[in-house]
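*Asks:* Have a look at the structure that comes next, please.
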Amino acid sequence: MERRSRTLAQWTSPARGENVVVDDLIERVERSRWRNLLAYATAYRTLYPDARTTTRQLAGGVTAFTETGSPVNHLSAAGLTEPITDQGLADVESFYAEFESDFQAWVAPGRDLAPFVARGYPEPTSIRVFARPAVPVDASAGTITVERVERGSADEAEAYGRLAAVAFGSSAPVMIRLFATFFAVPGTRLYRASVDGAVAGVARLGIDGDLAEFGGGATLPEFRGRGVQQAMLRHRINEACAAGCPIMVTEAEPETGSTRNILRAGFEAAFDYSVFTSRGRDPGAGR
């Protein structure tokens, strides 16, 4: 499914002095995802040199492998610099086969999905991208506080990684390392929310030029339903405004609690990614 917002068809970007249409937004997000994935892989390689972290430009995008079982193992910006072809997709599969790893492929609207169908991939799921212009908001009232986590020692990075992993429902070492790595990614800001002084959730803000990307937001189970996500969203909106970012984006699965929080914070649906997974692919297809 391809979904594009009517009200987000365009808006004025002060930094660029022109209207930003949705097609421009897609390319802007894609190029940012490309750069961010490379920066993340570089940080991961530095922190965990035994993890065999590797990137490669394939299928018009960039692939990354960090370690087995990581959600970061995916093809990003597929078809951005050249069309997705059967051979290009075969090269992606060969790349991940070197590590005996499954992977995902995130494909933006307007890209050719036929090679995925021909090669036996299951039906894609959707991840919706939301956007909003830079308009400050009132901070959430009540007992929820949000503070920026300053970069520190490796132990502090691991502590943040453990907290974020638990908030996302996992204590697996690969997930702890996934979140701890963001301490070393340039342009990334990390946040921690508290309720009555008790740590309740985490969130992330990436600054890439004029684009602010919201991610990594999760609440500890015992604090869910108390407005923590909304407080973290509103805090990051104001931080992005203060940083001079005219465009803000975030993403979530459609029709979820996360989506409802995002819409409540003033974001609007912009477009959907088609997300293909290698698990369940018919290996005999396309041969």
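The values are calculated or read from the model by the stated rules, or taken from the named source; none is laboratory data. As the structure is a prediction and not an experimental result, all values here were calculated from the model. Glycine also receives a Cβ, built like all others from the backbone with ideal geometry; neighbour counts cover every protein chain displayed.
*Asks:* In the stretch 235-282, what residues are of a type in the set (Lys, Arg) and touching a strand residue (DSSP E or B) at 6+ places or on another chain (Cβ under 8 Å)?
*Replies:* Arg236 - this is the single residue of the stretch 235-282 that is of a type in the set (Lys, Arg) and touching a strand residue (DSSP E or B) at 6+ places or on another chain (Cβ under 8 Å).
*Asks:* Are there any strands (runs of 3 or more DSSP E) wholly within the stretch 181-287 with 1 or more residues that are of a type in the set (A, V, I, L, M), touching a Pro at 6+ places or on another chain (Cβ under 7 Å) and surrounded by fewer than 17 Cβ atoms within 10 Å (Cβ to Cβ), and if so which?
*Replies:* 268-277
*Asks:* Determine if the stretch 80-94 includes at least one residue that is at pLDDT 95 or above and within 19 Å of the chain's Cα centre (by Cα).
*Replies:* Scanning the stretch 80-94, I find at least one residue that is at pLDDT 95 or above and within 19 Å of the chain's Cα centre (by Cα), so the answer is yes.
*Asks:* Within the stretch 135-156, which residues are more than 17 Å from Leu220 (Cβ to Cβ) and hydrophobic (A, V, I, L, M, F, W, C)?
*Replies:* Listed by number, the residues that qualify are Val135, Val137, Ala139, Ala141, Ala154.
*Asks:* Follow-up question, since we're still on this one. Restricting to the stretch 115-151, and then to whatever is among the aliphatic types (A, V, I, L, M) and surrounded by fewer than 14 Cβ atoms within 10 Å (Cβ to Cβ), can you tell me which residue is farthest from Asp196 (Cα to Cα)?
*Replies:* Out of the qualifying residues, it is Ala118.
*Asks:* Considering the stretch 154-195 alone, what residues qualify as being in contact with a strand residue (DSSP E or B) (Cβ under 7 Å, 6 or more places away or on another chain) and of a type in the set (D, E, K, R)?
*Replies:* Arg189, Arg192
*Asks:* Restricting to the stretch 162-180, name every residue that is assigned to a helix (DSSP H, G or I) and of a type in the set (A, V, I, L, M, F, W, C).
*Replies:* The answer is Leu163, Ala164, Ala165, Val166, Ala167, Val174, Met175, Ile176, Leu178, Phe179, Ala180.
*Asks:* Here's a follow-up. Which pairs turn up if I take residues in the stretch 124-148 that are farther than 17 Å from Ala243 by Cα and look for partners that are of a type in the set (Asp, Glu) and assigned to a loop (DSSP other than H, G, I, E, B) with beta carbon separation below 7 Å, at least 6 apart in sequence or on another chain?
*Replies:* Cβ pairs passing all conditions: Ile127/Glu253; Thr143/Asp196.
*Asks:* Continuing with this model, one more query. Pairs please, first residue from the stretch 243-271 and under 20 Å from Arg189 (Cβ atoms), second anywhere and among the hydroxyl-bearing types (Ser, Thr, Tyr) and crowded, with 21+ Cβ neighbours inside 10 Å, Cβ atoms under 8 Å, 6+ apart in sequence or on different chains.
*Replies:* Glu251/Tyr273; Ile262/Thr250; Phe267/Thr250
*Asks:* Given the structure, is Gly69 closer than 21 Å to Asn36 by Cα, among the small types (Gly, Ala, Ser) and surrounded by fewer than 17 Cβ atoms within 10 Å (Cβ to Cβ)?
*Replies:* yes
*Asks:* With the requirement that a residue be in a strand (DSSP E or B) and either in contact with a helix residue (DSSP H, G or I) (Cβ under 7 Å, 6 or more places away or on another chain) or touching a residue at least 12 places away in the same chain (Cβ under 8 Å) (or both), what does the stretch 17-56 give you?
*Replies:* Val20, Val21, Thr54, Thr55, Arg56
Per-residue answers, yes or no, for (1) assigned to a loop (DSSP other than H, G, I, E, B); (2) under 18 Å from Phe214 (Cβ atoms); (3) charged (D, E, K, R):
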residue	(1), (2), (3)
Pro71	yes, yes, no
Gly110	yes, no, no
Glu123	yes, no, yes
Ser126	no, no, no
Val137	yes, yes, no
Thr145	no, no, no
Arg148	no, yes, yes
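*Asks:* Residue under question is Ala134, and the condition is that it be under 18 Å from Leu58 (Cα atoms) and not aromatic (Phe, Trp, Tyr); does it hold?
*Replies:* Judged against the criteria, Ala134 is not a match.
*Asks:* Ok, one more. Looking only at the stretch 96-119, which residues are in contact (Cβ under 8 Å) with a residue 40 or more places away in the chain and either among the polar types (S, T, N, Q) or touching a Lys or Arg at 6+ places or on another chain (Cβ under 6 Å) (or both)?
*Replies:* Result: Asp102, Gln104.
*Asks:* Give all pairs with beta carbons closer than 7 Å in which a residue from the stretch 167-193 that is closer than 16 Å to Leu38 by Cα meets a residue that is of a type in the set (Val, Ile, Thr) and not in a loop (DSSP other than H, G, I, E, B); count only pairs at least 6 apart in sequence or on separate chains.
*Replies:* Short answer, once both residue conditions are applied: Phe182/Thr188; Ala184/Thr46; Gly187/Ile207.
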